Amino acid sequence: MKISRNCFVLSLLVFFYFSCTSVFAQENYPTVDGYKGIWFTLGQKSEFGDKYSGGLGTYTAKHIPLAIYSPEVNRTFFVYGGTRSEDEKYLLCMIGEFDHNTGMVSKPVIVYDKLGVDDPHDNPSLAIDKQGYIWVFVSGRGSKRMGFKYKSTLPYSTASFEQVSEEEMTYPQPKYLAGKGFLNLFTKYTGVRQLYFETSSDGEDWTSDQHLVGIKRPGDKNSGHYQISGQNGEKIAFFCNWHPNGNVDLRTNLYYYQTVDFGKTWTDIYGNVVSLPVEDIASSGLVKEYFSQKRNVYLKDINFDSNGNPIALYVEGQGHQPGPKYGPRNWHVVHWDGSEWQDHIITQSDQNYDMGSLWIDGDEWMVIGPTKDSPQLYGAGGEVEMWKSADKGKTWSKTKKLTKGSKRNHNYIRRVENGADPFLYFWADGDPNDFSKSQMYFGDSKGKVWQLPYEMEADHIKPKRLRSGIFSRWF
């Protein structure tokens with residue numbers, strides 16, 4: 001009788017343990033009932049509003065990539081900064097997935113709760129290894145808020161993750177090379193924003209942080225840079241700008257560097273090896289000089305032509321504050337044609353932080369971005385438009401208006417890595433002038449748009465197609 005009673009008690013304890021383990025696992029990586037983007041204001045206001053604000057779920061351009069299409073399972077995995085409710089300013093690092101077979105999205109999963117932080121500088125980025133494990137790189141903010149690496153517990157699954165590291169890591173830009181492992185480009189706030197990289201064969205053990213770029217003029221105390229990066233086969237490449245004496249509001253110039261040997265050596269476009277860290281303002285990596293013109297450079301996207309030559313999408317103009325004082329901002333593509341850099345203007349818009357993406361298909365190039373300055377004039381974002389070039393970026397024409405009559409500006413249209421229709425890019429909306437809800441959308445190569453469900457009762461839902469014709473309005 002005593003043995004039986006002990007067995008009964010032991011069974012209860014085992015049942016209680018596994019029940020608690022299951023509950024805790026669910027609590028660690030719960031789902032949210034819908035796709036609700038984070039709203040944020042930087043709080044640096046001038047006569048014509050904030051330097052940037054609004055729906056920033058797919059912010060920043062320096063978190064790369066945010067989405068990856070996996071042909072092995074015919075799904076697109078995507079990360080973003082979200083919240084639980086419309087009236088919440090509370091950042092959750094989320095992951096969702098779109099099933100191209102069913103046309104459905106799953107409820108988004110919270111990979112990391114930022115514990116009260118409302119700042120989308122802490123948004124995540126994404127990588128997938130050859131076994132199908134999904135890696136989420138959660139950005140920190142200098143050393144005051146740490147960054148984290150997470151790995152899915154199962155291949156091609158967003159149900160649960162395990163934490164791999166905690167470290168100083170801002171604007172993570174992980175790349176995975178089959179047979180070699182991960183190369184992660186990122187920023188550390190070492191006087192003031194400098195570029196670093198690290199490598200790992202398995203994602204678990206990483207090299208020490210290696211200093212890439214920290215340009216200073218004689219007499220400068222600080223330096224600073226932002227970068228955008230991409231991968232073309234074995235080549236990992238990035239464009240960066242320069243912040244004179246670390247002043248981010250004076251960001252200027254355009255530089256390019258690359259590696260084809262997994263970070264062992266870095267070169268300029270001509271193949272000349274550069275010494276690390278790059279410190280010379282007149283480095284051979286200089287693509288275009290804007291400092292003497294007192295013009296700012298805002299990096300948006302990077303892609304490659306059919307020969308593997310790099311192309312950058314960027315916006316430049318005078319001054320960092322919004323409004324008409326400094327005139328319109330110019331959207332550019334700059335392209336290495338094999339012998340020299342070619343730079344061409346696409347269009348103009350009214351805000352430095354209007355952000356879109358670039359696609360390359362032979363001679364036909366495409367840019368999708370918020371290039372129409374409404375509904376909130378001078379605020380970050382606007383109405384989304386499609387631009388195309390049939391002559392490798394020399395001339396451009398507007399071919400489609402993706403949104404019309406919107407109540408809130410759309411911004412940060414983000415290209416899916418290896419993307420496939422209909423989930424080729426995604427973004428969020430939000431009112432840059434006042435705290436608002438932020439809805440999320442995705443679109444295809446023809447300019448068709450769907451809204452990610454803001455509320456979800458079922459675990460999987462087919463998104464609603466949105467039409468911008470005379471019989472429908474954006475909301």
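The values are calculated or read from the model by the stated rules, or taken from the named source; none is laboratory data. As the structure is a prediction and not an experimental result, all values here were calculated from the model. Cβ coordinates were reconstructed from backbone atoms using ideal geometry, including for glycine residues, and neighbour counts include every protein chain displayed. Just the protein is used for accessible areas: all its heavy atoms, side chains included, with ligands, DNA and RNA removed. Shrake-Rupley method; radii C 1.70, N 1.55, O 1.52, S 1.80 Å.
Would segment 104-209 count as rounded, prolate or oblate if I go by the C-alpha gyration tensor, calling it rounded below 1.5 in a/c and otherwise prolate when a/b exceeds b/c, oblate otherwise?
Details: a/c = 2.14, a/b = 1.16, b/c = 1.84.
Oblate shape, in that a/c is at least 1.5 and b/c is the bigger or equal ratio.
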Projected label distance in nm at W341 and D220, using a 7 Å step from Cα toward the beta-carbon: 1.5
Note, ³J(HN,Hα) from phi for segment 225-231, Karplus 6.51, -1.76, 1.60, rounded to Hz, x at Gly and Pro: 7, 10, 9, 10, 9, x, 9
Net length gained if the chain between N28 and D363 were fully extended (0.36 nm per residue, minus Cα distance): 115.9 nm
Under Karplus coefficients 6.51, -1.76 and 1.60, residue-wise ³J(HN,Hα) of segment 47-60 in Hz, glycine/proline x: 4, 10, x, 6, 4, 7, 5, x, x, 10, x, 10, 6, 9
Helix 2-28 axis, angle to the chain major axis (alpha carbon atoms, nearest 10°): 20
Amide proton proximity set for D118, modelled H, under 5 Å, gap of 5+: L91
Positive-end residue of Q258, G142, T347, charge dipole of the chain with Cβ unit charges: T347
Whole-Hz ³J(HN,Hα) from phi, Karplus 6.51 cos²θ - 1.76 cosθ + 1.60, for segment 391-400, glycine and proline x: 10, 6, x, 6, 10, 9, 9, 7, 10, 7
5 angstrom amide H check on K175, placed H, neighbours 5+ away: L183, N184, L185
Unit Cα scatterers, Debye sum, segment 37-160: log10 I(q)/I(0) for q = 0.11, 0.12, 0.13, 0.14 Å⁻¹: -0.39, -0.46, -0.53, -0.61
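Taking the Cβ of K144 as the centre, find all other residues whose Cβ is under 15 Å away and add up their charges (Lys, Arg: +1; Asp, Glu: -1).
On the way: positive: K114, R141, R145, K188, R193; negative: D118, D119, D122, E166, E167, E168.
Its environment carries a net charge of -1.
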Compactness of the chain, expressed as Rg and Dmax over alpha-carbon positions, Å: 22.6, 91
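Whole number in Å², please: accessible area per residue of segment 86-130, 1.4 Å probe, ligands, DNA and RNA not counted. Working shown, then result.
Working: 1430 Å² over 45 residues.
Here the residues of segment 86-130 average 32 Å² of exposed surface.
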Size of electric dipole in the chain: Cβ of Lys, Arg +1 and of Asp, Glu -1, about Cα centre, debye, nearest 20: 860
R0 of 30 Å, Cβ-Cβ distance S85-S160: FRET efficiency to nearest 0.05: 0.80
Nonlocal amide H pairs with L466, under 5 Å, H built at 1.01 Å: V449, W450, Q451
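Would you mind working out the accessible area per residue for segment 137-233, using a 1.4 Å probe, and quoting it in Å²? Please list the in-between numbers first.
On the way: 3450 Å² over 97 residues.
On a per-residue basis, segment 137-233 sits at 36 Å².
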Computed [θ] at 222 nm, deg cm²/dmol, the chain (DSSP H ≥ 4; -39,500 (n - 2.57); rounded to nearest 500): -2000 deg cm²/dmol
Carbon and sulfur %, accessible surface of the chain computed with the full protein complex present, 1.4 Å: 50
Calculated over segment 356-475: convex hull of Cα atoms, volume per residue (Å³): 114
Accessible surface, 1.4 Å probe, highest first, among residues T403, T395, T265: T395, T265, T403
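Can you tell me the accessible area per residue over segment 347-475, all protein chains present, probe 1.4 angstrom, in square angstrom? Present the calculation step by step, with values, prior to reporting the outcome.
Working: 5350 Å² over 129 residues.
Here the per-residue accessible area is 41 Å².
Applying 1/(1 + (r/R0)^6) with R0 = 35 Å to the Cβ-Cβ distance of L115 and Q210, what FRET efficiency is obtained, to the nearest 0.05?
Details: r = 30 Å, r/R0 = 0.86.
With R0 = 35 Å, the Cβ-Cβ based efficiency is 0.70.
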